[in-house]
Every structure is written in C-alpha cells, then in structure tokens.
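One structure is given here, and the rest of the page talks about it.
Read the figures in this text as sums done on the coordinates, not as results from a lab. What you are looking at is a predicted structure, and each value in this text was computed from that prediction instead of being measured. Please note: Cβ atoms are built from the backbone with ideal geometry, for glycine as well, and neighbour counts cover all protein chains shown.
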Amino acid sequence: MKFVATLALVIITILGSVIDGYNCKIVQFIFGDSLSDVGNNEYLPKSLAKANLPWYGIDFGNGLPNGRFTNGRTVSDIIGDDMGLPRPPAFMDPNLDEDMILNNGVNYASGGGGILNETGGYFIQRLCMYKQIELFKGTQELIARKIGKNESRKFFQEARYVVALGSNDFINNYLMPVYSDSWTYNDDSFMDYLVGTLRDQLKMLHGLGVRQLMAFGLGPMGCIPLQRVLSTSGGCQDKTNKLAKKFNDATDKMMRELSPSLSGATYKFGDAFDVVNDVIINPYRYGFTNSDSPCCSFGRIRPALTCIPASILCKDRSKYVFWDEYHPSDSANMIIAKELIKKFKFTRVNQDDNGQGAPSPAPQSGPVADGPAAADSPSASDAPSAADAPSAADTPSAADAPSANS
Ligand SMILES: *[C@@H]1O[C@H](CO)[C@@H](O)[C@H](O)[C@H]1NC(C)=O
Ligand SMILES: *[C@@H]1O[C@H](CO)[C@@H](O)[C@H](O)[C@H]1NC(C)=O
C-alpha cells in the first residue's frame with residue numbers, strides 16, 4: 001500500500017517535470033556599476049573605466065585581471081555564492097549564448113554607470129541603468145525565441161535580481177562641477193530626481209516580469225581614498241557621506257511605498273552603511289590595519305585613479321579596507337556582503353543542483369579558488385567555484401550592444 005503510494009508520487013513527480021517542460025534553473029541578473037562589473041567595460045573599446053591591468057583580480061582565479069574592480073570577489077559574487085546561485089557572466093562576453101544565460105544568468109553591471117543617463121559621461125563609454133534594462137529586454141527576447149514565451153516568462157519570474165547603482169551619480173556626476181547636474185540641482189531636488197528615476201526603473205523591471213529583486217544602498221562613499229585626498233586633513237568628506245545616507249533613506253522609503261503596487265513581487269532594499277562606517281573608524285576591531293588608503297597605489301602620487309602595473313601593493317591585501325582609490329577590497333566586500341545577507345534574510349536556491357532538472361554548471365577554466373585575501377575570511381572556503389570562464393560557442397545577438405552612450 002505504502003509502496004503504491006510512493007510509486008504514485010514518483011510518477012506524479014516525473015509527470016510534473018515533463019509537463020513543466022524545460023526545467024529551468026534559478027539564476028540571477030545583475031544591474032550595477034563598477035562595484036559589480038565582471039568584465040563588461042573590457043569590451044567597451046572607448047571606456048576609460050577599466051579594470052583590465054594588473055593588479056586587478058590578483059586574488060581571483062588565476063590572478064589575472066578579469067574585469068572586476070577589486071583584488072578578489074565583488075559583493076554580488078559573495079552574496080550569490082551564499083544563495084547557491086551561479087556567478088553570471090558579463091553581458092558583453094563574446095561567448096555569451098542562450099545556454100549560458102539559462103545556466104548562469106547575466107551581469108550587465110558597468111564601471112562608471114549610474115542610475116542617470118548622464119552620470120559618468122567623462123568615462124566616455126559605460127552602460128547606464130536604462131541601457132542595462134534595454135539589454136535585459138534583448139536578453140528576454142533571445143530566451144523567448146529559444147525556449148518559448150511561456151517558459152521564458154517563468155524563467156525570468158523565478159530568477160533573482162540585483163540592482164546596485166548610485167555611487168557614480170554622486171561621485172561622477174552631482175559632486176563634480178564639470179557635470180551640469182551639479183549646478184542644475186540642489187541636494188533635495190537632485191535626490192528627488194535620482195530616486196524618482198530609480199523608481200521608474202524598478203517599475204519598468206516589474207513590467208518585464210522581474211519578481212524577486214534586491215537593491216543595494218550606498219556605503220560611506222565620502223571615505224573612499226579618492227574623497228579623502230580632497231580634504232587637507234585627509235578625513236572623510238562629511239557632505240558626501242550625508243548624501244549617501246540620505247540616498248539610502250530615500251530609496252528605502254520609496255521602495256516601501258512602491259512595493260504594494262508591484263503585484264506578485266518582492267523588492268527589498270538594504271545597505272551596509274553603518275557597518276562599513278564602523279570598519280573605517282575601528283579597522284582593528286575587524287582585522288584590518290588600514291582603512292584610509294588604497295592597497296594598490298602609485299606611491300606618493302595620489303590619487304592615481306586606477307591600479308596599474310607600476311603601482312605598489314600593500315603587504316597584506318586582506319588587511320586593507322580599500323583596494324584602489326574607489327573600491328573596497330575582497331575582505332571589505334566580505335563584510336558588506338555578510339551585512340546585506342543578514343538584512344535581506346535570503347534563502348538558498350538551486351538546492352537540487354545535482355538533480356536531473358538542473359543543467360550542469362558552466363565549464364571552468366581551472367581552480368577558481370579565491371586567493372589569499374579571501375582565504376582567511378571565515379566562509380570563503382565554502383564558496384562555489386566561479387563560473388567566470390565560460391567557453392560556449394555561438395555568439396548571441398550581443399551585437400546590438402552599446403556604442404558610446406554619452
Ligand atoms: C536614457 O537613455 C536611454 C537609452 O539608454 C533612452 O532610451 C532614454 O530616453 C534616456 N532618457 C533620458 C531621460 O534621456
Ligand atoms: C502559454 O500560456 C497560455 C496561457 O497561460 C496558454 O493559453 C498557451 O497555450 C501556452 N502556450 C504554450 C505554447 O504552451
């Protein structure tokens with residue numbers, strides 16, 4: 001009797017998966033800036049924001065530059081690993097095809113990009129948020145052609161989404177007098193404009209079937225080494241930090257108000273401002289020895305803006321909060337990710353990874369362990385290897401991709 005019941009269950013389960021048709025894996029799609037870029041800017045020939053030279057990526061995979069603007073993992077890498085999600089390849093990766101997308105998702109993040117179209121114009125080429133959404137639409141069309149409209153809708157509704165932009169809208173726009181936004185707006189009107197634009201973008205994503213989304217807030221960006229060199233004391237720029245806090249509060253409020261109108265969706269906001277601020281004030285308490293200058297630095301010539309082969313590296317990369325003038329190190333990203341994981345209360349996905357349904361992971365180029373910096377952080381060891389070196393053939397219609405959008 002019991003056996004019959006079990007058998008029936010098995011049959012139903014099998015039938016269930018047959019009826020389900022294409023058994024899609026849960027993957028993630030990432031919209032962001034240099035804090036999440038995994039190589040898009042490398043393929044923008046005219047972009048001035050690139051992480052394509054040593055010593056970027058020194059603690060990731062084979063240690064060569066991989067497009068990430070840090071020595072190791074990004075915050076999204078760490079959070080995605082924790083959730084059991086594959087690491088999505090850069091949209092601009094010439095190897096990107098439908099199978100890669102179905103197995104790994106896509107990362108549209110682009111160094112220098114912002115919520116606003118005009119942000120980062122001085123980098124010449126970057127993908128702003130609206131452009132990233134356009135590319136996402138193209139991705140959806142590609143997948144719908146491959147697996148059918150209904151399955152495609154399901155695939156994109158089940159996927160997880162990250163939206164992590166905003167720093168550049170301040171650092172490489174509003175706070176720089178070369179940009180017209182700096183004299184067109186004041187703090188309040190700029191905040192309304194920026195957060196209002198983000199609201200429109202989130203609504204647009206919902207219209208495209210995005211259901212499970214987390215938006216990351218800003219850290220104390222007035223404390224990045226580049227901002228500190230602006231003050232004679234070398235201290236944090238208080239005005240900049242206040243703007244970051246204000247953006248976080250306004251975005252949190254906007255998303256709380258917006259959420260009820262987004263049917264069937266869970267859109268969450270979280271930031272790690274307070275923790276990072278505490279790390280910067282009390283680095284030793286968190287195992288850091290330096291929280292005010294970049295680990296990769298061009299000697300006394302500062303700011304050097306990017307890390308270059310002639311730069312000198314700090315002795316212990318895991319003990320520096322900042323990797324370069326703008327970006328946190330792998331160890332700092334670990335702390336930021338942990339805080340966000342706590343705030344978002346994520347549940348793991350793809351637990352049946354080894355089951356029949358889930359397609360096999362993207363090929364790997366070798367041991368993609370995270371390097372020394374990550375090695376001594378507590379949970380780096382259980383991080384899955386990165387799907388950062390996919391080698392599929394057959395290029396998709398990435399051809400319609402970005403030319404300069406400034
Ligand atoms: C922003 O850029 C997108 C294309 O990337 C364009 O469709 C849109 O009209 C632009 N919006 C504004 C306000 O300029
Ligand atoms: C897609 O879904 C619609 C409505 O849910 C249904 O009527 C239609 O038959 C489905 N099409 C395919 C090809 O499964």
Q) Ranked highest first by the average count of other Cβ atoms within 10 Å around their residues, in what order do 194-202, 259-267, 55-63 fall? A) 55-63, 194-202, 259-267
Q: Name the residues whose placed amide hydrogens come within less than 5 Å of the amide hydrogen of residue 60, ignoring near sequence neighbours (fewer than 5 apart) on the same chain.
A: 371
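Going down the table (46/268; 242/343; 242/342; 203/242), which pairs top 30 Å between alpha carbons?
Values: 46/268 35 Å; 242/343 21 Å; 242/342 24 Å; 203/242 27 Å.
Checking Cα-Cα distances, 46/268 exceed 30 Å.
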Q) Taking the alpha-carbon centroid of each part, what is the distance from segment 96-120 to segment 163-192 in angstrom? A) 22
(Q) Using Cβ contacts closer than 10 Å as the measure, can you line up 324, 81, 249, 238 from fewest to most? (A) 238, 249, 81, 324
Q: Rank these for me by crowding, 35, 205, going from fewest to most other beta carbons within 10 Å.
A: 205, 35
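List 284, 161 from most exposed to least, where exposure is judged by having the fewest other Cβ atoms within 10 Å. Intermediate values should be presented prior to the final figure.
Working: 284 10, 161 21.
So the ranking, lowest neighbour count to highest, is 284, 161.
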Q: Rounded to whole Hz and in sequence order, give me ³J(HN,Hα) for segment 49-59 from the Karplus expression 6.51 cos²θ - 1.76 cosθ + 1.60, θ = phi - 60°, writing x for Gly and Pro.
A: 9, 9, 10, 9, 10, x, 10, 5, x, 4, 10
Q.
Give the lysines reachable from residue 239 as a straight Cα distance under 24 Å; neighbours fewer than 8 places away on the same chain don't count.
A. 253
Q) Say R0 is 41 Å: what FRET efficiency, to the nearest 0.05, do residue 64 and residue 208 get from their beta-carbon distance? A) 0.70
Q. What is segment 28-92 by shape, rounded, prolate or oblate, if you read a ≥ b ≥ c off the alpha carbon gyration tensor as root eigenvalues and call it rounded for a/c under 1.5, prolate for a/b larger than b/c, and oblate otherwise?
A. oblate
